[in-house]
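Below you'll find the structure, written out as structure tokens, and then a few comments.
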Protein chains: 2
Amino acid sequence: MILDRNKIDDMPQRYRANLINSLSGFKSANLIGTTNTKGQHNLSIVSSVVHFGANPPIMGFVMRPNSVPRDSLDNILETKHFSINQVSADFWQQAHQTAARYPKDISEFEQTELTAELLSNFPAPFVAQSMVKIGLTLLEIIDIKANGTKLILGEIDMLDIDTTVLREDGYLDIESIDAVAISGLDSYHVTHRLSRLSYAKPDQTISQLTIDGKPI
Amino acid sequence: MILDRNKIDDMPQRYRANLINSLSGFKSANLIGTTNTKGQHNLSIVSSVVHFGANPPIMGFVMRPNSVPRDSLDNILETKHFSINQVSADFWQQAHQTAARYPKDISEFEQTELTAELLSNFPAPFVAQSMVKIGLTLLEIIDIKANGTKLILGEIDMLDIDTTVLREDGYLDIESIDAVAISGLDSYHVTHRLSRLSYAKPDQTISQLTIDGKPI
């Protein structure tokens, strides 16, 4: 079924939001932890966290200024730090609930019974329940002129990773901790691994690898 | 296990790449289809496609200038158009193979036996095997100063979607077509839905929804 731009523009708003948010494929589920200078914590689920580079280690996420994470953005501007916490099936519904529009002085941690954890004097709170926690310093905020969204880039300061997740070549087996993927605006999924694959080279057939990245 | 920045910087390059690429959680798997003015097609897998907005419909992806998709970037600059094609379990290994460093005059379509499909006079080729195909016009290329990566933003011109995927509220049930998710650099996964969830509101418990977005 071919849909041209006119058909997309004519769709009811909610229908279009569901469709366009489904197009990119599966998305990561992460909680952004922030605080302000008064120590008022904020927590917000995002599905737009993206890897930007390993050396230096840089990650980013997209924020719509008028949507819920506005408090998060204010806090990031105030303290220059934020945390990214992977969501797993143990607390996926609590993570989804952080998207509700709570007043600014309400902590989503308390409302959702997720636990704020402070680590190694890092300024932003982490989610204790998360098995993969990342502490970042704000690097740059890029304004996307086309629609007023913002890309928040951070450089990684520290990690707190459950040791069971880490494999011997550095790969994190996030499937083993039931990390969830999101599709569309509101669908949550756990995964089943097809395989790891060897590095692709011309004139060479790719092969499946073990979970530790070794030939089978 | 806490890892500070010094420990990350001291890791062997490949180990660090595996680890840092695992941090964001599950990623989408998409093939970027491009062509040059001579009609030489190019196809490249990316795991960084992100939703930027539904109205106007905008998507983006991250590209490392020195990595394989350099030909894709040249083509996008030349023709101002590209396609995004969701990868499903029917052709995940062929999709992975497009990451090999083929010479510029070699088409990854031919090398991987994926079929280039031209639709509605759109300038860039689509992947016939893909059930969710998106045609975009280049909107902006944003240079990320911190590490020389580029964010390619495109505005959606047209979609070609398998009708079985589309649900009545616009949501695409990409799990039903075995769309794959990626973790790390080389691990591929299919999914199992936990549920769709209702819109989160303060002082209201979220509830699970049917695949069509209705209360259960």
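The values are calculated or read from the model by the stated rules, or taken from the named source; none is laboratory data. Owing to the predicted nature of the structure, the values given are computational and were not obtained by experimental measurement. Note that each Cβ is placed from the backbone with ideal geometry, even for glycine, and that neighbours are counted across all protein chains shown. Each accessible area value is taken on the protein alone, full model and side chains, heavy atoms only, with ligands, DNA and RNA left out. Shrake-Rupley method; radii C 1.70, N 1.55, O 1.52, S 1.80 Å.
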- Task: From B:P103, B:P56, grab the single residue that is surrounded by fewer than 16 Cβ atoms within 10 Å (Cβ to Cβ), over 18 Å from A:L23 (Cα atoms) and within 9 Å of chain A (Cβ to nearest Cβ).
- Result: B:P103
- Message: As an exercise: evaluate B:L194 against (1) in contact with a helix residue (DSSP H, G or I) (Cβ under 9 Å, 6 or more places away or on another chain); (2) farther than 30 Å from A:V190 by Cβ; (3) open to solvent by 50 Å² or more (accessible area, probe 1.4 Å) and give the number of the one condition it does not meet.
- Response: (2)
- Task: Determine, yes or no, whether B:L172 is surrounded by 22 or more Cβ atoms within 10 Å (Cβ to Cβ), more than 7 Å from chain A (Cβ to nearest Cβ) and not basic (K, R).
- Result: no
- Across region B:55-98, which residue is farthest from the chain's Cα centre (by Cα) among those that are acidic (D, E) and at pLDDT 95 or above? B:E78
- Take the residues of region B:12-42 that are on the phi < 0 side of the Ramachandran plot and among the small types (G, A, S): which is most open to solvent (accessible area, probe 1.4 Å)? B:A17
- Selected residue (only one of B:I2, B:I45, B:I8 is open to solvent by less than 40 Å² (accessible area, probe 1.4 Å) and closer than 27 Å to A:D157 by Cβ): B:I8
- Going by the structure shown, is A:I45 closer than 28 Å to B:I32 by Cβ and more than 7 Å from every other protein chain (Cβ to nearest Cβ)? yes
- Please find, among A:D162, A:D157, the residue that is within 10 Å of chain B (Cβ to nearest Cβ), open to solvent by 30 Å² or more (accessible area, probe 1.4 Å) and in contact with an Asp or Glu (Cβ under 9 Å, 6 or more places away or on another chain). A:D157
- Give me the pairs: first residue in region B:117-137 and farther than 15 Å from B:N30 by Cα, second residue in a loop (DSSP other than H, G, I, E, B) and among the hydrophobic types (A, V, I, L, M, F, W, C), beta-carbon distance under 8 Å, and six or more apart or on different chains, which are they? B:E117/B:A128
- Query: Which residues, counting only those in region B:72-96, are in a helix (DSSP H, G or I) and either surrounded by fewer than 21 Cβ atoms within 10 Å (Cβ to Cβ) or of a type outside the set (A, V, I, L, M) (or both)?
  - Reply: B:S72, B:D74, B:N75, B:L77, B:E78, B:T79, B:W92, B:Q93, B:Q94, B:H96
- How about region A:123-135: which of its residues are more than 10 Å from chain B (Cβ to nearest Cβ) and either of a type in the set (A, V, I, L, M, F, W, C) or within 19 Å of B:N147 (Cβ to Cβ) (or both)? A:A124, A:F126, A:V127, A:A128, A:M131
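The rows are residues; the columns are (1) at pLDDT below 95; (2) open to solvent by 10 Å² or more (accessible area, probe 1.4 Å); (3) more than 28 Å from B:I211 (Cβ to Cβ).
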site	(1), (2), (3)
A:P125	no, no, yes
A:M131	no, yes, yes
A:R167	no, yes, yes
A:G184	no, no, no
